[in-house]
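Okay, structure first, notes after.
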Amino acid sequence: MDEVILAEGLLKRFGETRALDGVDISARRGTVLGVLGPNGAGKTTAVRVLATLLRPDAGRAAVCGYDVVRDAVRARAMIGLTGQYASVDEELTGTENLMMIARLLDFRRGEAKARTRELLERFRLTEAAGRAAKTYSGGMRRRLDLAASLVNRPEVIFLDEPTTGLDPRARNEVWDTVRGVVAEGATVLLTTQYLEEADALADRIAVFDHGRVVAEGTASELKARTGRQTLVVRAEEPYRAEQLAAIVARLTGERPEVDIAAGLVTAPASGAGVLPALVRELEEVGIAASELALRMPSLDEVFLALTEFSVPERSMA
């Protein structure tokens, strides 16, 4: 079965709040599904349902073909879960943390030791293995937490905002780890509020808002949905920026933004034809451009466009 994560019509209420309101998502084997959304959009609730920690009020969900309600025990055996904050025991060493989890998963002592050594090496924690986790940096602690979620070699890994609070270097380390486990065949569902994280890691993205999936597709598909591109042109001679802006305004039908000191003009543009038309105009009037590009919208712009009617305060995640 290619779709190892499947949810159809998931509904979950907390009092009067519909944390999930008919959610449909799926992920194919060996891919990363990025789940984006504002706080309270339903991301964490969806993860908890898929990880068998919450029962949905309606709908169905399956992991590796096992229904998360009827076959919860079997589904759970396929899952690794890392929450928003590292859940390792800070008083134990890195080795002790992984050994404890392996033993709880019924590994024999020899198997537990071997698996612990393997994971410590893989996550570059061997030198710190004998130190208490409380002495680890944020990035090291998160890597240990990820290692703990992989002790049982899960086929599906749920990462709920795994890089929250990490600095850029530590975040990149986590990204490398995610790419590594996917390369080995695991399927990852990643919730995040970092748009660049989804852009960098996800094969497909589902955008949540008010408990619903409001858009789904690849990053490129979502960017294309906005129908908005940006024309960027910089005059080699900055004093000609105003003349350049007049040309851009006529070609695009939009009011451009102008940075006269930098000679930079930007404006929304639709259609690729504006670029060659601008090149011809610039040649005719003798304006040399040091920069000329038609840029797709960023994922940040797509996210804001898709969730522009979101309320600022929400009661559930």
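Points worth noting:
- Positions within region 73-98 being assigned to a loop (DSSP other than H, G, I, E, B) and either open to solvent by less than 70 Å² (accessible area, probe 1.4 Å) or of a type in the set (Ser, Thr, Tyr) (or both), in sequence order: 78, 83, 84, 85, 86, 87, 88, 89, 92
- Subset of region 169-223 (residues that are among the hydroxyl-bearing types (Ser, Thr, Tyr) and open to solvent by less than 10 Å² (accessible area, probe 1.4 Å)): 187, 191, 192
- Candidates 199, 145, 160 - the one that is within 30 Å of residue 103 (Cα to Cα) and either among the small types (Gly, Ala, Ser) or out of contact with any Lys or Arg (no Cβ under 8 Å at 6 or more places or on another chain) (or both): 145
- Restricting attention to region 227-278, the residues being assigned to a strand (DSSP E or B) and within 24 Å of residue 303 (Cβ to Cβ) number 9.
- Of all residues in region 279-299, those satisfying the criterion of being in a loop (DSSP other than H, G, I, E, B) and surrounded by 15 or more Cβ atoms within 10 Å (Cβ to Cβ) are 287, 296, 297, 298.
- From 207, 302, 214, residue being closer than 15 Å to residue 35 by Cα, in a helix (DSSP H, G or I) and aliphatic (A, V, I, L, M): 302
- Scanning region 127-150 for residues that are in contact with a Leu (Cβ under 6 Å, 6 or more places away or on another chain), assigned to a loop (DSSP other than H, G, I, E, B) and at pLDDT below 95 yields a total of 0.
- Restricting region 224-239 to residues that are buried (at least 20 other Cβ atoms within 10 Å of the Cβ) and not β-branched (Val, Ile, Thr), the residue that is farthest from the chain's Cα centre (by Cα): 235
- Number of residues in region 181-200 that are in contact (Cβ under 8 Å) with a residue 12 or more places away in the chain and part of a helix (DSSP H, G or I): the value is 8.
- Test: residue in region 15-23 that is modelled with pLDDT of 95 or more, in contact with an Asp or Glu (Cβ under 7 Å, 6 or more places away or on another chain) and open to solvent by 10 Å² or more (accessible area, probe 1.4 Å): no
- Hey, residue 125 within 14 Å of residue 149 (Cα to Cα) and either in contact (Cβ under 8 Å) with a residue 40 or more places away in the chain or surrounded by 19 or more Cβ atoms within 10 Å (Cβ to Cβ) (or both) or not: no
- Going through (1) more than 26 Å from the chain's Cα centre (by Cα); (2) part of a loop (DSSP other than H, G, I, E, B); (3) in contact (Cβ under 8 Å) with a residue 40 or more places away in the chain one by one, residue 70 falls short only on (3).
- Qualifying residue in region 216-224 (condition: at pLDDT 90 or above and not small (Gly, Ala, Ser)): yes
- Only residues that are under 15 Å from residue 156 (Cβ atoms) and either buried (at least 22 other Cβ atoms within 10 Å of the Cβ) or among the aliphatic types (A, V, I, L, M) (or both) were counted in region 53-72, giving 6.
- For region 208-262, a residue qualifies if it is touching a strand residue (DSSP E or B) at 6+ places or on another chain (Cβ under 8 Å), of a type in the set (Gly, Ala, Ser) and in contact (Cβ under 8 Å) with a residue 40 or more places away in the chain, and the qualifying residues are 211, 215, 219, 235.
- Scanning region 6-39 for residues that are among the β-branched types (Val, Ile, Thr) and not in a loop (DSSP other than H, G, I, E, B), we see that the one that is nearest to residue 75 (Cα to Cα) is 25.
The values are calculated or read from the model by the stated rules, or taken from the named source; none is laboratory data. Keep in mind that what you see is a predicted model, and the values were worked out from it rather than measured. With ideal geometry, Cβ positions are generated from the backbone for all residues, glycine too; neighbour counts draw on all protein chains shown. Heads up: the accessible areas ignore ligands, DNA and RNA and are worked out on the full protein's heavy atoms, side chains in. Shrake-Rupley method; radii C 1.70, N 1.55, O 1.52, S 1.80 Å.
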